[in-house]
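Since the structure comes first, as structure tokens, the remarks are kept for the end.
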Amino acid sequence: MSLHNHYYYDQETCEFTPIEYNKAEQIIYNLSVWILTGVVLSGLGIIFLTNYVGTPAELALQAENEVLYNQLESTKQSIIDMDNKLQSIAATDNEVYRSVLGLEHISEDERLAGTGGALTNTEFDVYNQSTAELLRWTNSKLSNLERRVSIQKLSFEELKEAYNSNKEKLHHIPAIKPTQGILLSSFGMRDHPVLGYPRMHAAADFRADIGSSVYATADGVVTYIGLRGTLGRIVVIDHGYGYKTLYAHLSSVPKDVKKGTEVKRGSLIAYSGNSGLTEGPHLHYEIHFNNKKVNPTYYMFADVSPEEYLYFKEIAEANTKSMD
């Protein structure tokens with residue numbers, strides 16, 4: 001930058017005369033201008049960053065808050081998954097364990113443990129709206145889950161006490177799968193594969209090749225072995241306490257299993273087959289309680305994990321076709 005563009009007015013000559021600077025003065029002037037310009041621009045930059053972007057500490061805090069918010073969102077999904085699993089456990093508790101042991105079902109209102117109402121955690125109001133809402137939801141949901149888990153724990157204690165008081169009876173209640181194959185179709189209205197129209201299928205169909213082992217699902221006495229209409233060859237066991245089981249489409253029965261034979265849970269009673277009116281080899285399994293057919297999927301709790309039970313339940317609800 002040059003200083004030759006500075007002038008003064010000479011009254012004697014009536015002219016503008018340029019001011020001459022020496023080298024040192026010119027250097028000092030240029031440095032002063034650059035320094036002043038730098039200071040002004042730096043100040044403006046600091047003002048902009050502070051007002052519109054934030055200080056380094058604020059930027060770091062903002063990044064940390066974003067990470068924490070994303071973690072809370074991830075935790076929210078985990079809480080939702082946990083809630084769904086707890087609902088499944090509660091349903092199994094009512095439908096299977098409490099039904100089999102003759103205990104009253106725990107109502108949905110009791111299990112929800114006072115769920116509902118506005119989220120009034122005012123201590124979260126200091127945060128922005130989205131964060132405050134997420135924190136309130138998480139806090140409320142975790143509190144509710146804690147109460148519901150406590151209720152489920154008390155229910156299991158009640159089930160344990162009922163089991164210990166009714167061990168003899170429980171030996172006579174169907175409680176295992178009658179064969180090793182997976183569930184193919186369950187209780188309810190199903191399309192018949194041969195007749196071609198829907199009808200009540202009051203049984204559970206299990207995958208079973210011809211000759212697969214069939215087991216008694218509870219202690220009892222064999223009351224019938226023979227042929228019965230579209231069911232083909234069947235075995236009927238009376239377990240007492242109002243329970244009977246029927247095993248159909250069999251291929252054969254062991255020689256030592258006859259009418260009047262006493263069997264234990266897990267005893268070999270027959271071999272699966274394809275007798276009667278069927279789409280293919282499988283085992284048709286019925287449970288009767290007080291002369292009324294009931295859903296067998298509610299009575300497979302002794303040798304089925306909770307995961308397997310939920311899987312069987314999904315199959316039962318999704319499959320609209322039976323094997324017989």
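The values are calculated or read from the model by the stated rules, or taken from the named source; none is laboratory data. Model, not experiment: these values are computed from the prediction. Don't worry about glycine lacking a Cβ; one is built from the backbone with ideal geometry, like all the others, and counts go over all protein chains shown.
Observations, loosely collected:
- Within the stretch 133-180, the set of residues being farther than 30 Å from THR217 by Cα and free of Cβ contacts under 8 Å to residues at least 40 places away in the same chain comprises GLU133, ARG136, ASN139, SER140, SER143, ASN144, GLU146, ARG147, SER150.
- Any hit, the stretch 189-205, residues being assigned to a strand (DSSP E or B) and modelled with pLDDT of 85 or more: yes
- Qualifying residue in the stretch 231-250 (condition: touching a helix residue (DSSP H, G or I) at 6+ places or on another chain (Cβ under 6 Å) and not charged (D, E, K, R)): yes
- Any chance GLY211 is surrounded by fewer than 13 Cβ atoms within 10 Å (Cβ to Cβ), modelled with pLDDT of 80 or more and closer than 17 Å to ALA248 by Cβ: yes
- Looking only at residues in the stretch 283-324 that are of a type in the set (Phe, Trp, Tyr) and either at pLDDT 85 or above or not assigned by TED's automatic domain parsing to the domain that holds ALA204 (or both), the one that is farthest from ILE173 (Cα to Cα) is TYR285.
- Residue check for GLY188: over 17 Å from LYS264 (Cβ atoms), assigned by TED's automatic domain parsing to the domain that holds PHE312 and out of contact with any strand residue (DSSP E or B) (no Cβ under 9 Å at 6 or more places or on another chain): no
- Residue check for SER275: surrounded by fewer than 19 Cβ atoms within 10 Å (Cβ to Cβ), closer than 18 Å to ARG207 by Cα and in contact (Cβ under 8 Å) with a residue 12 or more places away in the chain: no
- Filtering the stretch 169-188 to residues that are modelled with pLDDT under 85 and in contact with a Ser or Thr (Cβ under 6 Å, 6 or more places away or on another chain) leaves SER185, SER186.
- Residue within the stretch 229-249 that is in a loop (DSSP other than H, G, I, E, B) and touching a Phe, Trp or Tyr at 6+ places or on another chain (Cβ under 6 Å) present: yes
- Residues in the stretch 255-281 that are under 19 Å from GLY181 (Cβ atoms) and part of a loop (DSSP other than H, G, I, E, B): ARG265, GLY266, SER267, ASN274, SER275, GLY276, THR278, GLU279, GLY280, PRO281.
- Residue in the stretch 290-300 that is over 30 Å from ASN84 (Cα atoms) and in contact with a Lys or Arg (Cβ under 6 Å, 6 or more places away or on another chain) present: no
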